[in-house]
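*Asks:* Please find one structure pasted underneath; my questions will follow.
Values in this text are rule-based calculations from the coordinates and carry no lab data. Values in this document were obtained by computation on a predicted structure and should not be read as measured data. FYI the Cβ positions are ideal-geometry reconstructions off the backbone, even for glycines, and counts take in every protein chain you see.
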Amino acid sequence: MTQGAGVPRSRPFARWARRAAILLSVFGPATITAMADNDAGGVATYSIAGATLGYPILFVLFIITPLLGITQEMGMRLTLVTRRGLADLIREKNGVPISLLIFAGLFVANLGTLTTEFAAIGTVGRMLRIPVAPFVIGTLLVAFLFITQGSYRLTQSIMLLVSLFYVTYVISAVRSRPDWGLALSNLVYPHGVRFTGEYLRSYLIIGMGVLGTTITPWGQFFISSFAFDKKMNQDTLKYSQLETYWGAFLTDFFSFFIIVATASTLFARGIILTSGEQAAEAIRPFAGELAGTLFAVGILAAAFMGLVVVPLSTAYAFSEFFGLSGSLDSDYQSSKTFYALFILQLIMAALLAAIPGISLFHFAIATQTLNAMILPLVFYYLIRLASDPRLMGAQVNTRFQTRFTAWASIFIVAASVLTVGALIFRW
Amino acid sequence: MTFISELTGRPVTDVDGKRIGTLKDVVARPVRMFAHPVVNAIILQSSAGERAIPYSELAALLSAAIPLKTTLQKAAPYEFQETDIRLVQDVLDKQILDTDGARVVRVNDIELVRVNGHVVITNVDVGFLGILRRIGFERLGRWVAKRLGKDMTSGAISWDFVELLMHDQAMRLRVPSSKLANLHPSDLAEIITDLNRAEHAGLLQSLDLKQLADTLEEVEPDFQASLLQHFPDEKVADVLEEMAPDEATDLLAEMPKDRRQGLLQLMESDEADEVRELLQYDEESAGGLMTTKYIAVTAEMTAAQTIEHLRKAGEEAELIYYVYVVDAGERLIGVFSLSDLIVAQPQTPITEFMHKRVVSVTLETRQDDIAQTVSKYNLIAVPVVDAEHRLHGIVTADDALDKIIPTAWKKRLPHFFGASQ
């Protein structure tokens, strides 16, 4: 009879304790990546979705969650088995031109994403009566200090701690006294509104926007690099796989409450949001002072997640593509390029966001377009690598995984293209 | 030099010039005693799939189109070995790790050079220029660099300094990256020397003892020593026994001291004693100090003939100021100086102006005594003879006085010798 290594069958508690310890030790990369997918841009999109479409948009979460879980799992598995990051493998298997192309796209798109994070901090900061410029500079300094001086563990702990602030959305949602029955049933099938042509058009565009902010190129690179930097291997693969699905569930668990908070207040009263950050201000009269403030704090936490994770994903990818030293555990001197690239993006994005008169809406659209263009490339290589038996051995994609993700990527790409098209050309 | 990124994708043709596919990869094989792998085959990508073609079947590799010497059907098959390296698949874009395991850089390109009919891997290119070359912007990069006055040629690491342990894993630096800047990349001259040496050594190993000894006697001693560097001591000892004792002595003198002692113990005692005796000279006697690059003529020559001879032989000689006269048995019978020769009438036989009482030393004469002789008779050089008065060489005053006169003094003396060269 086979048993877990050295654990007597008669002591199930010890076995469970051991499993829990392993789970805790691998815990982090997938959860942080998934939570960062709900960055300021993500929260804005969900807020608009809830305000414009009401509960029926919740059904989209039902589709996004498994999609996010499966694509993230593939990146995680690829890294744990090959002991290399996604960018490492793309460079090694496909050479310089494609690496440069993907990196350039990622760099620009991430810069765009970062700019929207800063813009969100600005909007919410004014609302909470925080002096924006000192706040932004302070945030930058804090992020730079703990990234360069701290270790992997410290960064991971801070990010996990910040993601606890997402609980504020749950409170905001509860305070807005939603119809829970209607909300939950809309997860399974969309109902409860009049499905006019105009509504369906908005549903399509916004639904795809939601997909686009949740499943991103940087998310694919980040989970792989962050797992690599954690120096994990395939001994704990099962636990890490479990974490990717848990992360996907958790992020959409919070998305649910963001949508509920705006759907039950703004949609119900026909108030249209022009920007996501307004949501915190807008729900105040209906859900109360506390709910509005908590919502704003949630956006700040989300923006901070983005401020750390998005530029880290670029810096990690650069180090991998060009083989430089890039680890949160290395000191500033030996990973100079890595850290310099991290802070450079933050400064550039902060300056971009500070340009008066710049249209953040157009910025968001351009970023979304670029992401939509890179994503098919990233998925193509991700699926190809994870389906290569020479690379993956026994952990190669099953036929179902390859097919499902291939179709899912086609779906995501089509969705992204449609969204961008609809927004630019006002289809 | 050529880069692998430039080679891949080039058309491959058969002997009739018909295009049969493109070059996909290059296979190199490490060679014993040579730090750089040598190209052994190419991987041809054709409509029928991949195929390995031995380098020996190629008419050229580093050319715009790669022609075979034969048709594709007649081309010999290539047998892969465990140690074979596929440059594109196994090396290009590979991560290079520092000696402590930290990531340093990636292999952006691989440099190939043609030497003695082989194509050899010289360096891995880790520079920015390598990246630009891969996307076709090398010329633009060079132009910009020139405008900015920056040196973009850096970024090549000699293959000596990296190692590929496992084909599917990262390469490692053999020296810490911090020291890398001080190490120059391999250049053609160095590769040629290394390759020649490796080839000679490879050739020598296939010879029997007699052939090996004869071959070595033809080579300069310092080069002999380096050729035998990788031979086992037993074999070297056998070769030394085969060689003439004085040749063996010269060779041993070039070897490191500890290896020399070991070799002498391995040699048959008779031969070893003889060599030891000669080595003994080496240290402190005329036999060891002397040079054989002197001018000697026979007694029947005239002044004019001697001058003619000096013109030819003078180049090689260490000293032409003294001309020694020997008989048919190589015995020293006279000496005259360059001034004696020049003032003599051209048709005068040399026997008429040569000095018959020659001051000489024997092979065993110790350095102190040679020095005394040199200074007593005010000589520039003194001939060395054996018991039968046969001439073996000369000791120049320079060498004789080496030990006796303190260095500081010697520096103040005019340096006569060596100026003749």
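*Asks:* Please name whichever of B:Asn108, A:Ile283, A:Thr293 sits farthest to the positive end of the charge dipole of the protein assembly as shown, dipole taken about the Cα centre and charges placed at Cβ: Lys and Arg +1, Asp and Glu -1.
*Replies:* Looking along the dipole axis, the top candidate is A:Ile283.
*Asks:* Ok, one more. Would you mind computing, in nm to one decimal, how far apart the modelled labels at A:Leu242 and B:Asn378 are, each placed 7 Å from Cα along Cα→Cβ?
*Replies:* Here the answer is 10.6 nm between the modelled labels.
*Asks:* Against the longest alpha carbon principal axis of chain A, how many degrees, from 0 to 90 and to the nearest 10, is the axis of helix A:152-163 turned?
*Replies:* Between helix and principal axis, roughly 30 degrees.
*Asks:* When chain B is modelled as a GNM with alpha-carbon springs shorter than 10 Å, which of B:Glu241, B:Glu82, B:Glu315 fluctuates the most?
*Replies:* Of B:Glu241, B:Glu82, B:Glu315, the most mobile in the Gaussian network model is B:Glu82.
*Asks:* A follow-up question, please. Treating only the Cβ of Lys, Arg, Asp and Glu as charged (+1, +1, -1, -1), what charge dipole size does the protein assembly as shown show about its Cα centre? Round to the nearest 20 debye.
*Replies:* Once rounded to the nearest 20, the dipole reads 7120 debye.
*Asks:* Follow-up question, since we're still on this one. What does the average come to when, for each residue of peptide B:121-131, you count the partner chain Cβ atoms lying within 10 Å of its Cβ?
*Replies:* Across the residues of B:121-131, the mean count of other-chain Cβ atoms within 10 Å is 1.
*Asks:* Which order do the peptides B:293-304, A:300-311 take when ranked by the mean count of other beta-carbon atoms within 10 Å per residue, highest first? Show your work: numbers first, answer last.
*Replies:* Numbers: B:293-304: 17.0, A:300-311: 26.1.
Output ranking for B:293-304, A:300-311: A:300-311, B:293-304.
*Asks:* Quick one: net charge around B:Ala304, please, counting Lys, Arg +1 and Asp, Glu -1 for every other residue with C-beta under 15 Å from its C-beta.
*Replies:* So the surrounding residues net to -2.
*Asks:* In region B:232-358, what % of DSSP beta bridges are antiparallel (nearest 5)?
*Replies:* In region B:232-358, DSSP labels about 65 percent of beta bridges as antiparallel.
*Asks:* Now for a different question. Placing unit charges on C-beta atoms (Lys and Arg positive, Asp and Glu negative, everything else neutral), compute the dipole magnitude of region A:235-327 about its Cα centre in debye, rounded to 20.
*Replies:* Working: 3 positive and 7 negative charges, 46 e Å.
Dipole size: approximately 220 debye.
*Asks:* What are the trypsin sites (Lys or Arg not before Pro) within region B:38-90 that DSSP puts in a loop, where the Cβ has at most 11 other Cβ atoms within 10 Å? Show your work: numbers first, answer last.
*Replies:* On the way: sites: B:Arg51, B:Lys69, B:Lys74, B:Arg86; in loops: B:Lys69, B:Lys74.
Listed in order of number, the matching sites are B:Lys74.
*Asks:* Considering the zone a paramagnetic label at B:Gln169 would reach in this model (a point 7 Å from Cα along the Cα-to-Cβ line), which residues of region B:1-43 have amide N under 11 Å from it?
*Replies:* Under cut-off, by backbone N: nothing.
*Asks:* Considering the zone a paramagnetic label at A:Val142 would reach in this model (a point 7 Å from Cα along the Cα-to-Cβ line), which residues of region A:31-55 have amide N under 16 Å from it?
*Replies:* From region A:31-55, the list is A:40.
*Asks:* Specify the inter-centroid distance of region A:272-293 and region B:304-339, based on alpha-carbon positions, in whole Å.
*Replies:* 113 Å
*Asks:* Further question: In nm, to one decimal, how far is the modelled label at A:Ala17 from the one at B:Lys257, with both set 7 Å along Cα→Cβ?
*Replies:* Result: 6.8 nm between the two label points.
*Asks:* Relative to the present Cα-Cα distance, how much length would full extension add between A:Leu128 and A:Leu204 at 0.36 nm per residue of separation?
*Replies:* That pair, A:Leu128 and A:Leu204, stretches by 24.0 nm at full extension.
*Asks:* Another question about this same structure. For region A:98-207, what D do you get in µm² per second when you plug the Kirkwood radius from alpha-carbon pairs into Stokes-Einstein at 4 °C and 1.567 mPa s? Write out the running numbers ahead of the final one.
*Replies:* On the way: Rh = 18.6 Å.
Taking Rh from Cα pairs, D becomes 70 µm²/s.
*Asks:* Taking the Cα atoms of region A:70-152, report the difference between the largest and smallest coordinate on each principal axis, in whole Å and largest first.
*Replies:* If we take the Cα atoms of region A:70-152, the spans are 51, 28, 27 Å.
*Asks:* Next question. Work out the length of the dipole vector of region A:275-337 about its Cα centre, built from +1 on the beta-carbon of each Lys and Arg and -1 on the beta-carbon of each Asp and Glu, and round it to the nearest 20 debye.
*Replies:* Here the size comes out at about 60 debye.
*Asks:* Follow-up question, since we're still on this one. State, as an integer percentage, the relative contact order of chain B based on alpha-carbon contacts under 8 Å between residues 6 or more apart.
*Replies:* Reported as a whole number, the value is 9 percent.
*Asks:* For A:Phe321, what is the net charge nearby, where nearby means another residue's Cβ is under 14 Å from its Cβ and Lys, Arg count +1, Asp, Glu -1? All intermediate terms of the calculation are to be shown ahead of the outcome.
*Replies:* Details: positive: A:Arg84, A:Arg91, A:Lys93, B:Lys94, B:Arg103, B:Arg106, B:Arg134; negative: A:Asp88, A:Glu92, A:Glu320, B:Asp93.
Net of charged neighbours comes to +3.
*Asks:* Using R₀ = 41 Å, calculate the FRET efficiency as 1/(1 + (r/R₀)^6) where r is the Cβ-Cβ separation of B:Val115 and B:Val359; round to 0.05.
*Replies:* 0.15
*Asks:* Here's another thing I want to ask about it. Hey, if you put +1 on the Cβ of every Lys and Arg and -1 on every Asp and Glu Cβ in chain B, which of B:Asn123, B:Ala64, B:Met1 ends up farthest toward the positive end of that dipole?
*Replies:* B:Ala64
*Asks:* Compute the acute angle (0 to 90°) between the alpha-carbon long axis of helix B:367-376 and the principal axis of greatest extent of the alpha-carbon atoms of chain B; round to the nearest 10°.
*Replies:* It is inclined by approximately 50 degrees.
*Asks:* Using a 10 Å cut-off on Cβ atoms, rank the peptides A:55-67, B:17-29, B:133-145 from the highest mean neighbour count down.
*Replies:* A:55-67, B:17-29, B:133-145
*Asks:* Amide H to amide H, which residues 5 or more places from B:Val12 or on other chains are under 5 Å from it, using H placed in the peptide plane?
*Replies:* B:Ile20, B:Gly21, B:Thr22, B:Leu23, B:Ile66
*Asks:* Towards the positive end of the charge dipole of the protein assembly as shown, with charges on Cβ (+1 Lys, Arg; -1 Asp, Glu), say which of B:Gln305, B:Gly155, A:Leu58 has the farthest Cα.
*Replies:* In the protein assembly as shown, that residue is A:Leu58.
*Asks:* Over 26 Å between Cα atoms, which of B:Lys18/B:Lys74; B:Lys24/B:Lys69; B:Lys356/B:Lys376; A:Lys238/B:Lys94 qualify? Mind showing how you got there, number by number?
*Replies:* Numbers: B:Lys18/B:Lys74 14 Å; B:Lys24/B:Lys69 19 Å; B:Lys356/B:Lys376 18 Å; A:Lys238/B:Lys94 29 Å.
Pairs exceeding the cut-off: A:Lys238/B:Lys94.
*Asks:* If I stretch the segment between B:His230 and B:His309 completely, what's the gain in nm (0.36 nm per residue apart, minus their alpha carbon distance), one decimal?
*Replies:* 24.2 nm
*Asks:* Hey, could you get me the Stokes-Einstein D for region A:291-426, Kirkwood radius over alpha-carbon pairs, 10 °C and 1.306 mPa s, rounded to whole µm² s⁻¹? Don't jump to the answer; show the numbers that get you there.
*Replies:* Working: Rh = 18.2 Å.
Translational diffusion coefficient: 87 µm²/s.
*Asks:* Another question, then. Give the Rg (one decimal place) followed by the Dmax (whole number) of chain B, computed from C-alpha coordinates and expressed in Å.
*Replies:* Cα only, chain B: 30.6, 89 Å (Rg, Dmax).
*Asks:* If you take every residue apart from A:Leu250 with its C-beta less than 13 Å away from the C-beta of A:Leu250, what net charge results, scoring Lys and Arg +1 and Asp and Glu -1?
*Replies:* Its environment carries a net charge of -3.
*Asks:* Sticking with this structure for a sec: Can you show me the helix-derived [θ] at 222 nm for the protein assembly as shown, built from DSSP H runs with n ≥ 4 at -39,500 (n - 2.57) apiece and divided by the number of residues, rounded to the nearest 500.
*Replies:* Taken over the protein assembly as shown, the calculation gives -18000 deg cm²/dmol.
*Asks:* Using only atoms on other chains, find how many Cβ atoms lie within 10 Å of each Cβ of peptide A:91-98 and report the average.
*Replies:* Details: counts 4, 9, 2, 1, 7, 12, 4, 0.
Average neighbour count from other chains, rounded to a whole number: 5.
*Asks:* Using a 10 Å cut-off on Cβ atoms, rank the peptides A:206-217, A:40-51, A:127-138 from the highest mean neighbour count down. Let's see the in-between values first.
*Replies:* Details: A:206-217: 24.9, A:40-51: 28.7, A:127-138: 13.7.
Averaged packing, sorted descending, gives the order A:40-51, A:206-217, A:127-138.
*Asks:* Can you give the FRET efficiency for A:Leu24 and B:Lys69, using 1/(1 + (r/R0)^6), R0 = 56 Å, r = Cβ-Cβ distance, to the nearest 0.05?
*Replies:* 0.30
*Asks:* Find the relative contact order for chain A and round it to a whole percent, using C-alpha pairs within less than 8 Å whose residues are 6+ positions apart.
*Replies:* 35 percent
*Asks:* Here is a follow-up. What average number of partner chain Cβ atoms lie no more than 10 Å from the Cβ of the residues making up B:100-111?
*Replies:* Values: counts 1, 0, 6, 13, 4, 4, 10, 2, 3, 1, 0, 0.
Going residue by residue through B:100-111 and averaging, the value is 4.
*Asks:* Which Rg and Dmax, in Å, describe the Cα atoms of the protein assembly as shown?
*Replies:* 41.1, 137
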